[in-house]
1. In the range 54-76, how many are among the acidic types (Asp, Glu) and touching a residue at least 40 places away in the same chain (Cβ under 8 Å)?
2. Name the one entry in 64, 144 that is out of contact with any Asp or Glu (no Cβ under 6 Å at 6 or more places or on another chain), among the hydroxyl-bearing types (Ser, Thr, Tyr) and loosely packed, with under 14 Cβ neighbours inside 10 Å.
3. Given the conditions (1) surrounded by fewer than 14 Cβ atoms within 10 Å (Cβ to Cβ); (2) polar (S, T, N, Q); (3) in contact (Cβ under 8 Å) with a residue 60 or more places away in the chain, report the number of the one that residue 307 does not fulfil.
4. Restricting to the range 302-333, count the residues that are hydroxyl-bearing (Ser, Thr, Tyr) and in a strand (DSSP E or B).
5. Looking at 167, 179, which is the one that is over 26 Å from residue 242 (Cβ atoms) and either open to solvent by 20 Å² or more (accessible area, probe 1.4 Å) or in contact with a helix residue (DSSP H, G or I) (Cβ under 9 Å, 6 or more places away or on another chain) (or both)?
6. Can you pull out the residues in the range 128-141 that are touching a helix residue (DSSP H, G or I) at 6+ places or on another chain (Cβ under 8 Å) and open to solvent by less than 40 Å² (accessible area, probe 1.4 Å)?
7. Of the residues 125, 117, which single one is modelled with pLDDT of 95 or more and open to solvent by 30 Å² or more (accessible area, probe 1.4 Å)?
8. Pairs please, first residue from the range 1-24 and farther than 12 Å from residue 77 by Cα, second anywhere and modelled with pLDDT under 80, Cβ atoms under 7 Å, 6+ apart in sequence or on different chains.
Amino acid sequence: MPELIYASSFQKGSFKLLELGNETVAASLEQCGKLVIKGQREDEAVLCTDNQTYSLHEAPTSNSLLLATPQDDDTMNVVDDLSYIIEIKPCLPRLERITTLLQSTMYAGPAAESSIQGKRLYTYQDMLSLVQASEQELKEGLKSKHAFELDGYYRILDPAFMYNLLDTLANNATLYDIDLQAIPLDGAKTCIRQYPEEGDKIPDAVVIACLDAFGVWREDGVTVALDEYKVCRFIGEYLLSSERGKEWPLEEYVNLWRNLVRKRVQDIFSPDLSMLRGLYTMRERTQLQFMQPQQYLSYFPVSELPNDPLQRFARLFAEKKQWTPDEILPYIEDLAPDQKKKDALLLKYTRTQKSNGQLFYGTRIK
C-alpha cells in the first residue's frame, strides 16, 4: 500500500467534493457544457446548467476523506482533508427575484416614466447574473411575468396600468367594431393608444406585453384573441390584491368580480372561482345575523410563498391550521411535478384527520 504524505501545498478546505445524487443528475451535468454557481452574499448558492437549477447543501461525513495525488509508485501526496461533501439536488428556480428587481421601475405609462429617473434598471445579462435560475428557466420566468425589454432594459407592467389598458383595449375595440376574439395587431395598437394620458407614446413593446398578458395569439402571429382565463384571473387577482388582508364575503366578491369583467368584455366571459386557484384562501365565519356559516375569501398567492418545501408548509399552516386536499393542492403543485412526489411531500410535512367525513391536512412540523 502506498505511503501517505501530507504535501507541502496541503491546505484544508481548498477542494470541494460534490455528490451527484443519482444518474439523472450526473448525466444532466455532464451534458450541459457549462456550470454556473449563482448567489448573492445573503443567498444559499445554487448550481445552474443551461436548463436546470440545483441546490447545494453541505453534509458532514462520518469519516474524513483524504484527497491525494500520486508522487511515485510508493508515495501518495495528501493535498486536502475533506470533512463534508456538497449534495446536489434539483430544485425550483428562484424566480421571485425577477419581481423584486423590477418592482421599483414598473412601467405605468409614458407620463410616469420621469418617476423612475435615478432608479436602477436591469439588462438581460444583469437578470441572468442576479436571478438564481438557469437561462431557460429565466426566459420562462420573464415570459410568465410578461416582462419586456424597453431601451435595452427589462420592465414589468404596473397592475393598475394594466387594468386601465385592458379597459382601453376592450372599450375601443367595441367602439371600432373589432371582434375581441380576433383583434389585429394594428387594431390593438390603435385601441391601446387611445389611453387617456399620452397614449400615443405607448411603445410597441408595451402593447405586445399587454396582448400577451390578456390574449392568445392566432397562428398568423398578428391576430390575438382575448382569453377568458387570463382576463378573468387578472381582474380577480387585481380585486383581491387591491385590499390585502381583507376578508371578502364570498357572494359580495363574486358579484363585484363578475360586474368588473362584464364592464370590460360585456357578457362573453364568465368568471369562476376555479380561475383563481393558488390565489386565495377560504374560511367560514358564523355571524349572529345569519343562520348558517358564511364563507370569506382572502388574498394568498402561491407566487409569494417560499420555494423551500419546509418553509412552504410552515407558511401554509401559519395561514390555516387545516386544509382540504382541494385547497392545498394548488399550493404544492410547483414543488412536485407528479402525484408520487406530491404524496411524498404530504406524507413528510402533514398529518391527516377526518371531520364529518371530510379529509383534512394538518401540520407535522414541530
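The values are calculated or read from the model by the stated rules, or taken from the named source; none is laboratory data. Quick caveat: nothing in here was measured; it's all calculated off a predicted structure. Glycine also receives a Cβ, built like all others from the backbone with ideal geometry; neighbour counts cover every protein chain displayed. What goes into the accessible areas is simple: the full protein's heavy atoms, side chains included, and nothing from ligands, DNA or RNA. Shrake-Rupley method; radii C 1.70, N 1.55, O 1.52, S 1.80 Å.
1. Initial filter on the range 54-76 (among the acidic types (Asp, Glu)): 58, 72-74.
In the following step, the residues that additionally are touching a residue at least 40 places away in the same chain (Cβ under 8 Å) were identified as 73-74.
Of the residues in that region, 2 qualify.
2. Values: 64 fails: out of contact with any Asp or Glu (no Cβ under 6 Å at 6 or more places or on another chain).
Going through 64, 144 in turn, the sole match is 144.
3. Every condition holds for residue 307 apart from (1).
4. Quick first cut of the range 302-333, residues hydroxyl-bearing (Ser, Thr, Tyr) only: 303, 324, 331.
Filter again for in a strand (DSSP E or B), leaving none.
Of the residues in that region, 0 qualify.
5. Numbers: 167 fails: over 26 Å from residue 242 (Cβ atoms).
Among 167, 179, only 179 is over 26 Å from residue 242 (Cβ atoms) and either open to solvent by 20 Å² or more (accessible area, probe 1.4 Å) or in contact with a helix residue (DSSP H, G or I) (Cβ under 9 Å, 6 or more places away or on another chain) (or both).
6. So the first thing to find is which residues in the range 128-141 are touching a helix residue (DSSP H, G or I) at 6+ places or on another chain (Cβ under 8 Å), and the list is 128, 130-133, 135, 138, 141.
Within the range 128-141, 128, 130, 131, 132, 133, 138, 141 meet the criteria.
7. Values: 117 fails: modelled with pLDDT of 95 or more.
Result: 125 is the single residue among 125, 117 that is modelled with pLDDT of 95 or more and open to solvent by 30 Å² or more (accessible area, probe 1.4 Å).
8. 20/26; 20/29
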